[in-house]
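The values are calculated or read from the model by the stated rules, or taken from the named source; none is laboratory data. Just so we're clear, the structure is a prediction, and the values are computed from it rather than from any experiment. Cβ placement follows ideal geometry from the backbone for every residue including glycine, while neighbour counts extend to all protein chains displayed.
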Amino acid sequence: MLSEKQSLEKDTVRVLFSNSSEKEVVILGEVGQTIFEVFNDHRDILEAQGIDLEGACGGACACATCHVIIQDETLFNLLPDASVQEEDMLDLAYDVRRTSRLGCQVTLTKDLDGIRVLCPTETRHLKV
């Protein structure tokens, strides 16, 4: 039987959030959460460090304001392919790169422990 500490370690993943100034903040997320949900749960801490992720649609894959860039190519390659809907939304994002994803569409697994996530300082919020 796992102790509470071992259980906690098993179910958490380190997510390293940064912005373009290379300030990096380590946050513990839970396996099964999306990057956007982890950010939202720790928004006050991250915004105080100058790191922002808007998420205007609330994580419904209906905008591109939770656009993130995965900094580690090896971990990026572990992610499932983006859906057509996510790719369509990324077409609206600013400064899209090969390792760009929407934070609301990346679900944390134990394999992603230590994932480095760049939150671009500019987003395109297109109101309908």
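Identify, from the list 52, 81, 44, the residue that is on the phi < 0 side of the Ramachandran plot and part of a helix (DSSP H, G or I).
After ruling out the rest, the residue left standing is 44.
All but one of (1) free of Cβ contacts under 8 Å to residues at least 60 places away in the same chain; (2) buried (at least 17 other Cβ atoms within 10 Å of the Cβ); (3) under 14 Å from the mean Cα position of the chain (by Cα); (4) not in a loop (DSSP other than H, G, I, E, B) hold for residue 117; state the number of the condition that does not hold.
All conditions are met except number (1).
Exactly one of (1) assigned to a loop (DSSP other than H, G, I, E, B); (2) surrounded by 18 or more Cβ atoms within 10 Å (Cβ to Cβ); (3) modelled with pLDDT of 95 or more is unmet by residue 60. Its number?
(2)
Six or more apart or on different chains, Cβ under 7 Å: which pairs go from a residue in segment 64-78 that's on the phi > 0 side of the Ramachandran plot to one that's part of a loop (DSSP other than H, G, I, E, B)? Could you list them?
Partner pairs satisfying both residue conditions: none exist.
Go through segment 52-109 and report how many residues are of a type in the set (D, E, K, R) and more than 13 Å from the chain's Cα centre (by Cα).
Qualifying residue count, segment 52-109: 9.
Could you please give the count of residues in segment 87-114 that are in a strand (DSSP E or B) and not charged (D, E, K, R)? Full working, then the answer.
Start the filter on segment 87-114 by keeping residues that are in a strand (DSSP E or B), which leaves 100-102, 107.
After this cut, where a residue has to be not charged (D, E, K, R) as well, the list is 100, 102, 107.
Going through segment 87-114 one residue at a time, the tally reaches 3.
Of a type in the set (Asp, Glu), under 21 Å from residue 93 (Cβ atoms) and in contact (Cβ under 8 Å) with a residue 12 or more places away in the chain, is that true of residue 22?
For residue 22, the condition - of a type in the set (Asp, Glu), under 21 Å from residue 93 (Cβ atoms) and in contact (Cβ under 8 Å) with a residue 12 or more places away in the chain - is not met.
For segment 89-96, indicate whether the set of residues that are at positive phi and either surrounded by 13 or more Cβ atoms within 10 Å (Cβ to Cβ) or not hydrophobic (A, V, I, L, M, F, W, C) (or both) is non-empty.
Looking through segment 89-96, at least one residue is at positive phi and either surrounded by 13 or more Cβ atoms within 10 Å (Cβ to Cβ) or not hydrophobic (A, V, I, L, M, F, W, C) (or both).
Somewhere in segment 21-37, is a residue under 18 Å from residue 102 (Cα atoms), among the aliphatic types (A, V, I, L, M), in a loop (DSSP other than H, G, I, E, B) and modelled with pLDDT of 95 or more?
For segment 21-37, residues under 18 Å from residue 102 (Cα atoms), among the aliphatic types (A, V, I, L, M), in a loop (DSSP other than H, G, I, E, B) and modelled with pLDDT of 95 or more: present.
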